[in-house]
1. Restricting to the stretch 135-159, what's the tally of residues that are open to solvent by 70 Å² or more (accessible area, probe 1.4 Å) and within 19 Å of residue 20 (Cβ to Cβ)?
2. Report yes if some residue within the stretch 82-99 is farther than 30 Å from residue 163 by Cα and out of contact with any Phe, Trp or Tyr (no Cβ under 9 Å at 6 or more places or on another chain); otherwise report no.
3. Which condition number does residue 9 fail, the rest of (1) farther than 23 Å from residue 148 by Cβ; (2) part of a helix (DSSP H, G or I); (3) of a type outside the set (Val, Ile, Thr) being met?
4. Tell me yes or no: at least one residue of the stretch 16-34 is more than 24 Å from residue 153 (Cβ to Cβ), assigned to a loop (DSSP other than H, G, I, E, B) and open to solvent by 40 Å² or more (accessible area, probe 1.4 Å).
5. Using the structure shown, decide if residue 103 is under 26 Å from residue 131 (Cβ atoms), part of a helix (DSSP H, G or I) and open to solvent by 60 Å² or more (accessible area, probe 1.4 Å).
6. If you check every pair at least six apart or on different chains, which have Cβ atoms under 7 Å apart with a residue in the stretch 116-131 that is in a loop (DSSP other than H, G, I, E, B) first and a residue that is of a type outside the set (Lys, Arg) and open to solvent by less than 80 Å² (accessible area, probe 1.4 Å) second?
7. With the requirement that a residue be assigned to a loop (DSSP other than H, G, I, E, B), open to solvent by less than 100 Å² (accessible area, probe 1.4 Å) and without any contact (Cβ under 8 Å) to a residue 24 or more places away in the chain, what does the stretch 45-90 give you?
8. Would you check if residue 125 is among the hydrophobic types (A, V, I, L, M, F, W, C) and open to solvent by 50 Å² or more (accessible area, probe 1.4 Å)?
Amino acid sequence: MGRKSLKENKNIYQLSREDMNYSRETAAEKLGFISSDRIEKIENEKTLPHPEEILAMANCYKTPSLCNYFCSHECPIGIEYVPEIKTKELSQITLEMLATLNKLVHEKERLIEITVDGELSEDELPDFLKIKEELKKMALAIDSLNLWLDQTIASGKLDKNLMSDIKS
């Protein structure tokens, strides 16, 4: 086992590895195709990781949120289009989702009025943008729920095979 890092301001990749109590060498062994030197460069931010490395680390470190972090913070396309998803408890996700859903139920009729003619007029724009923001909140809540589920499976608290059997 390697020595414990005393470095301050560790990045998410190093923190995730250390949460598993893996040295860089152990992580490299488990990952198979990423050397300990490459892991060190990623953790010290001397190089950006590749998407396939992030997928492997997320799986190996049992931290699915690494994928969202990479996409929302380091990938040029993701920075533009992928929101950061914060890890939350299931109860908080559910309450946020229901609150947004309640607002959208009230806004449904207005959305129909706005979009029925297939055009967006200047006077409809403020209401449309308000509804769009609520839809964005709902999408984020759904993404949070999916991340919660992925993390619950990765932690071993839920059996992925059981879920697949139920879906079938």
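1. 2
2. Looking for residues that are farther than 30 Å from residue 163 by Cα and out of contact with any Phe, Trp or Tyr (no Cβ under 9 Å at 6 or more places or on another chain), one finds none in the stretch 82-99, hence no.
3. Among (1) farther than 23 Å from residue 148 by Cβ; (2) part of a helix (DSSP H, G or I); (3) of a type outside the set (Val, Ile, Thr), residue 9 violates only (2).
4. So far as the stretch 16-34 goes, no, none of its residues is more than 24 Å from residue 153 (Cβ to Cβ), assigned to a loop (DSSP other than H, G, I, E, B) and open to solvent by 40 Å² or more (accessible area, probe 1.4 Å).
5. Details: under 26 Å from residue 131 (Cβ atoms): yes; part of a helix (DSSP H, G or I): yes; open to solvent by 60 Å² or more (accessible area, probe 1.4 Å): yes.
Criteria met by residue 103.
6. Between residues of the stretch 116-131 that are in a loop (DSSP other than H, G, I, E, B) and residues that are of a type outside the set (Lys, Arg) and open to solvent by less than 80 Å² (accessible area, probe 1.4 Å), the close pairs are 120/114; 120/128; 124/114.
7. Going residue by residue through the stretch 45-90, those that are assigned to a loop (DSSP other than H, G, I, E, B) are 45-50, 61-64, 74-75, 82-89.
This time we only want the ones that are open to solvent by less than 100 Å² (accessible area, probe 1.4 Å), so: 47, 49-50, 61, 63-64, 74-75, 82-85, 87-88.
Of everything in the stretch 45-90, those that are assigned to a loop (DSSP other than H, G, I, E, B), open to solvent by less than 100 Å² (accessible area, probe 1.4 Å) and without any contact (Cβ under 8 Å) to a residue 24 or more places away in the chain turn out to be 47, 50, 82, 84.
8. yes
The values are calculated or read from the model by the stated rules, or taken from the named source; none is laboratory data. Model, not experiment: these values are computed from the prediction. Cβ sites come from the backbone with ideal geometry, for glycine too, and all protein chains shown count toward neighbours. Keep in mind that these areas ignore ligands, DNA and RNA; they rest on the heavy atoms of the full protein, side chains included. Shrake-Rupley method; radii C 1.70, N 1.55, O 1.52, S 1.80 Å.
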